[in-house]
Amino acid sequence: MTHRPLVGITTFFAIGIFTNYLIGIPSFIVLPAIFLTIIVYTFLFIFHSRQNATGPVKSGVLTLLILIFLTGILYHHFRSNSNAGNNISNIISTEKILIHLRGVVVSPPIDKYVQGLPLSSVVKHRKKMSNFLLRVEAVEYTPQAETARHTTKKTMYLEDFVHKTKLREWKNVSGVIKVNVYPTREEEKTLAGKRPYLSDELNYGDKVELSCKISIPSTSRNPGQFDYKNYLKKQRPRIDAVASVLSANNIKVLSKGNGNHFFAFVYGLKKQLNAVIERHVKEKSIPLVNSILLGDREKVPANLMDGFLQTGTIHFLAISGLHVGILVISLHYLLRLFRINIRLLAIIIILIVFLYAAITGMKPPIIRAGIMVAVYYGTFIVNRRWDLPNSIAAAVFIILLINPSDLFNVGFQLSVLAVLGIVYCSSRLENFFWRSTLLVEKLQAKEERSEAWFLFKVYCRKTFCVSLGAWIGVMPLIVYYFHIVTPLAVFLNILIFPLVWLILVGGFIVLILGLVLPVLVTPFAWFVSYSEIVLENLILLFSTYLKTFFCTSTPSWIWIIVYYLIVIFFILREKFKIKIAYVLILTLIISNIFLFSGLFGRTQECLKLTCFDVRHGASFFIQFPDGKNMLFDTGTKSNYDVGKFIVVPFLRQERIKKIDTVVISHEHDDHCNGIPSIVKRFRVDNVFVNKFFLQSGNRVELLKLFKEEKTKTGLVADGLEIKGYEPAKIMVLNPPDKDMLRNEGFPIENLSINDSSSVLLIDYKGYRILLCADIGERGIEMLLSQPNKPSLNRPAGRRGKDSLDTDVIQVPHHGGYCEKTEDLLKRVKPGYAIISGTEKYISPSTIETCQKHGVSLYKTHEDGAVTFTIDEEGIKVSKFIGL
């Protein structure tokens, strides 16, 4: 604390922030504690100054640290709960409403592409879009009748809204919203080539008036799902709502120049720099060069982004200390050529670094790097000694002062841990692996150490150790957040780093010359373009033909803590004379416990059915007592990959390695467009479909995917049993075999896709689950017309003798209106029912029917994911949202 005070201050301040995030201590408890701590510290300080004793000094330091800890709690409390009374989030809800508002653009539009799901064509005509941040100033209230009349139109232009709304009452509001702007089909056709959609028309500081549909972003509604609302809340500036605008014609610019002059200059400069890249760099290379130089990753192709992620080199695309380091080193040697005074050189470098940080978005990693550069070069200005740990602590402390929620930002965490790994591990790793080599090199002559081969070996060794140190620092968190391990990243960095260095240095030259001497840009732009082409081809080559990664489940925090304790033992082994053998033995023991605990898995003596909230769609995951599992459908009508963003995170959280069986009821998007993302990320042993699905010809791509992933495909029909899940029993009740129906003269063409849905009956310990998919009137008739089957009868002691008696039922077709729903409920007599759909689609008559028959009804749009647990004691129901 005495030699490095900032380390202790920052540590306890961060612990205070984390404590408040975890527990949420009220301010009326923290404030008196702070005042009491100040009194105690003052008393100890006075006592020490009179007695000149060392004991009170230590007590005073401890008291000061407690004070800093409490300050961190209070600071996070006020910063995270500082909404004004007129904040826009207080007058809207999670349901989208049509609204008219005014505000100032605080982040210029970013043009990007909307990519539809692999099996969906929902947004094919809306490939381009833009989004920007708006500081809201006023919202318009209109008579309810007028608003209702306008909301019936699919597309309403601003001029029509203004003209038809006679009573316009504006109310002042505050807050920042994210605005997504989508072109209409007509606008999409008029967009020539790759011309920007909105970024050329709208700028930072523009005051605008717009008509939009707005809502508060939804929180996580499923286990393991990313909490988008919480993510937006932690941003800087905090985002309170999300708005959707259909057509740029619904945005009207009222005035310009209403923002901060510095940021107006920064955003204007960035726009010019983007223009320089687009003019001089090869068209194919623009997205990646833009990402590496300026941090704009929106237009990098998805397959290339996946390649960087899978090879563990994604950090090259995130503006961080690497980019700042290359910029600083290049500037330092360039300015030294002109014999500039060291103090003036330090000032110039600090100013340029912070300008670069502002241009690239002021993200926590680059702020951290910028502050460390400022502290380092600041020592030359004030003639003080530089201390690396204090510099890191100062950077972290300032970032947390700016935004305490950045403590939970993944980029911030990875950036700090990577730096700590490099600082404290890389030199120790080099000394551990090459101790004798380093000793020999010290004895070599200067001429020998100047040879090309010697320099190449030193480069490879140091790059390996630096990469390994960073990888050791961040690996557990990458596994925790992204469920991926990239062991080859350490070696690939040796190849990739020189190319990124060339692109960065060459790119900086292109940007500077493009602004002042465009005539000289061409050779440098050519050099950057071809360096990018080589880099892109290398990444795609390694990610395609080498197994550079493997996926894993979410590790527990206990294992992460144990991992970092082992790393600390390795770092401190020389100081405390800990033998490396002991560290290795401890590592092996912990690794074996971890591996074997995952190998045997977590056994359960119950059956669990989880119904995910996928809006209008369906996805059910069944976990059986023997450790086996089954996925029944996964899809949605929304343009949202529920497989990737809902089911996969759940499976990772549950530490599930593979899926035993996937059953796809029928071919509609809202039941199967999330399946591809799951099959690509998990081993799936079997997929079952029925002949109506197989012979429709509409899902050829999905069937090809099953073949590519070497997944067995089987057929199901009424009367068949899916084996291998004993003691549970799984029977297929619909549809009848297609060929048998044809032979019996049944008019197959009259059977709709919904009515041909596969229906499953799952029996465990005498309790039953009926999954009905989308069967309609005809499908329910076929289901109810089946004779009573002794093979499906319940064991003695369970209520009902009908083979269709059920305890839990999935209400068919998302709870929509169907005349036969009541007949179905009368026959199966369920105790519980689940509807997977949206409020707008669910029929009131369906809800009334469930209430009439005494069925406990659960709806995913209200309850989030719903889990039914069946064991010896019966059925337990848990909702993800609410009590």
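Considering only residues that are in a loop (DSSP other than H, G, I, E, B), of a type outside the set (A, V, I, L, M, F, W, C) and open to solvent by 10 Å² or more (accessible area, probe 1.4 Å), which ones fall in region 221-230?
Arg221, Pro223, Gly224, Gln225, Asp227
Is one or more of the residues making up region 28-50 open to solvent by 30 Å² or more (accessible area, probe 1.4 Å), modelled with pLDDT under 80, over 20 Å from Phe397 (Cβ atoms) and of a type in the set (Gly, Ala, Ser)?
yes
With the condition kept exactly as written, say whether any residue in region 694-702 is surrounded by 18 or more Cβ atoms within 10 Å (Cβ to Cβ), assigned to a helix (DSSP H, G or I) and within 30 Å of the chain's Cα centre (by Cα).
yes
Inside region 399-505, counting only helices (runs of 4 or more DSSP H) that do not spill past its ends, which hold 3 or more residues that are surrounded by 15 or more Cβ atoms within 10 Å (Cβ to Cβ)?
410-421, 427-433, 452-482
Within region 516-532, how many residues turn out to be open to solvent by less than 50 Å² (accessible area, probe 1.4 Å) and not in a helix (DSSP H, G or I)?
The first filter runs over region 516-532 and keeps only residues open to solvent by less than 50 Å² (accessible area, probe 1.4 Å), leaving 521, 525, 528-529, 531-532.
Checking which are not in a helix (DSSP H, G or I) leaves us with none.
Counting residues in region 516-532 that are open to solvent by less than 50 Å² (accessible area, probe 1.4 Å) and not in a helix (DSSP H, G or I) gives 0.
Which residue pairs have Cβ atoms under 8 Å apart, sit 6 or more places apart or on different chains, and have a first residue in region 635-649 that is over 14 Å from His671 (Cβ atoms) and a second that is surrounded by fewer than 24 Cβ atoms within 10 Å (Cβ to Cβ) and among the charged types (D, E, K, R)?
Tyr640/Arg615; Lys644/Arg681; Val648/Arg681
Failed condition for Leu198, given (1) out of contact with any Leu (no Cβ under 7 Å at 6 or more places or on another chain); (2) modelled with pLDDT under 90; (3) open to solvent by 20 Å² or more (accessible area, probe 1.4 Å), with all others met?
(3)
Identify the residue in region 840-871 that is in a loop (DSSP other than H, G, I, E, B) and free of Cβ contacts under 8 Å to residues at least 60 places away in the same chain and, among all such residues, is most open to solvent (accessible area, probe 1.4 Å).
Among residues in region 840-871 that are in a loop (DSSP other than H, G, I, E, B) and free of Cβ contacts under 8 Å to residues at least 60 places away in the same chain, the one most open to solvent (accessible area, probe 1.4 Å) is Lys840.
How do the helices (runs of 4 or more DSSP H) wholly within region 283-389 filter down when requiring 2 or more residues that are farther than 17 Å from Glu536 by Cα, open to solvent by 60 Å² or more (accessible area, probe 1.4 Å) and not hydroxyl-bearing (Ser, Thr, Tyr): which remain?
Counting at least 2 such residues, we get 321-337, 342-359, 364-382.
Mind listing whichever residues of region 533-556 are over 27 Å from the mean Cα position of the chain (by Cα) and open to solvent by less than 60 Å² (accessible area, probe 1.4 Å)?
Within region 533-556, just Ile533 meets the criteria.
Taking interchain pairs and intrachain pairs at least six residues apart, which have beta carbon atoms under 7 angstrom, with the first residue in region 179-191 and modelled with pLDDT under 85 and the second among the polar types (S, T, N, Q) and open to solvent by 30 Å² or more (accessible area, probe 1.4 Å)?
Within 7 Å, the pairs are Thr184/Thr155.
Being within 19 Å of Phe650 (Cβ to Cβ) and part of a strand (DSSP E or B) is the filter; apply it to region 872-883 and report the residue that is nearest to the chain's Cα centre (by Cα).
It comes out as Lys879.
Being within 30 Å of Leu804 (Cβ to Cβ) and of a type in the set (S, T, N, Q) is the filter here; which residues of region 674-721 pass it?
Asn686, Asn690, Gln695, Ser696, Thr713
Within region 66-113, how many residues are among the aromatic types (Phe, Trp, Tyr), buried (at least 18 other Cβ atoms within 10 Å of the Cβ) and either within 25 Å of the chain's Cα centre (by Cα) or at pLDDT below 90 (or both)? Break it down into steps so the answer makes sense when it comes.
Residues of region 66-113 among the aromatic types (Phe, Trp, Tyr): 69, 75, 78, 113.
Imposing the further condition that a residue be buried (at least 18 other Cβ atoms within 10 Å of the Cβ) reduces the set to 69, 75.
Imposing the further condition that a residue be either within 25 Å of the chain's Cα centre (by Cα) or at pLDDT below 90 (or both) reduces the set to none.
The qualifying residues number 0.
Anything in region 814-839 that is without any contact (Cβ under 8 Å) to a residue 60 or more places away in the chain and in a helix (DSSP H, G or I)? List them, or say none.
Gly815, Thr821, Glu822, Asp823, Leu824, Leu825, Lys826, Arg827, Val828
Could you grab me the full set of residues in region 61-76 that are farther than 16 Å from Asp406 by Cβ, of a type outside the set (Ser, Thr, Tyr) and touching a residue at least 12 places away in the same chain (Cβ under 8 Å)?
If the condition is that a residue be farther than 16 Å from Asp406 by Cβ, of a type outside the set (Ser, Thr, Tyr) and touching a residue at least 12 places away in the same chain (Cβ under 8 Å), then Val61, Leu64, Leu65, Ile66, Leu67, Ile68, Phe69, Leu70, Ile73, Leu74 are the ones that fit.
Of the conditions (1) at pLDDT 85 or above; (2) open to solvent by 50 Å² or more (accessible area, probe 1.4 Å), Val139 satisfies every one except a single condition; which number is it?
(2)
Suppose we filter region 728-764 for residues that are of a type outside the set (Val, Ile, Thr), modelled with pLDDT of 90 or more and closer than 24 Å to Lys608 by Cα; how many remain?
Qualifying residue count for the region: 10.
Do any residues in region 318-333 that are β-branched (Val, Ile, Thr) have Cβ atoms under 8 Å from those of residues that are part of a loop (DSSP other than H, G, I, E, B), where the two are at least six apart or on different chains, and which pairs are they?
Ile319/Gly295; Ile319/Thr360; Ile319/Gly361; Ile319/Lys363
Quick one: would you say Lys256 is touching an Asp or Glu at 6+ places or on another chain (Cβ under 6 Å) and open to solvent by 20 Å² or more (accessible area, probe 1.4 Å)?
Considered against the rule, which asks whether it is touching an Asp or Glu at 6+ places or on another chain (Cβ under 6 Å) and open to solvent by 20 Å² or more (accessible area, probe 1.4 Å), Lys256 comes out as yes.
Counting only residues that are among the polar types (S, T, N, Q), buried (at least 19 other Cβ atoms within 10 Å of the Cβ) and part of a loop (DSSP other than H, G, I, E, B), how many does region 201-220 have?
Total satisfying the criteria: 2.
The values are calculated or read from the model by the stated rules, or taken from the named source; none is laboratory data. Small disclaimer: the values here were computed from a predicted structure and weren't measured. Quick reminder, even Gly has a Cβ in these numbers, built from the backbone with ideal geometry, and neighbours come from all protein chains shown. Side chains are part of the model used for accessible areas, which takes the heavy atoms of the whole protein and leaves out ligands, DNA and RNA. Shrake-Rupley method; radii C 1.70, N 1.55, O 1.52, S 1.80 Å.
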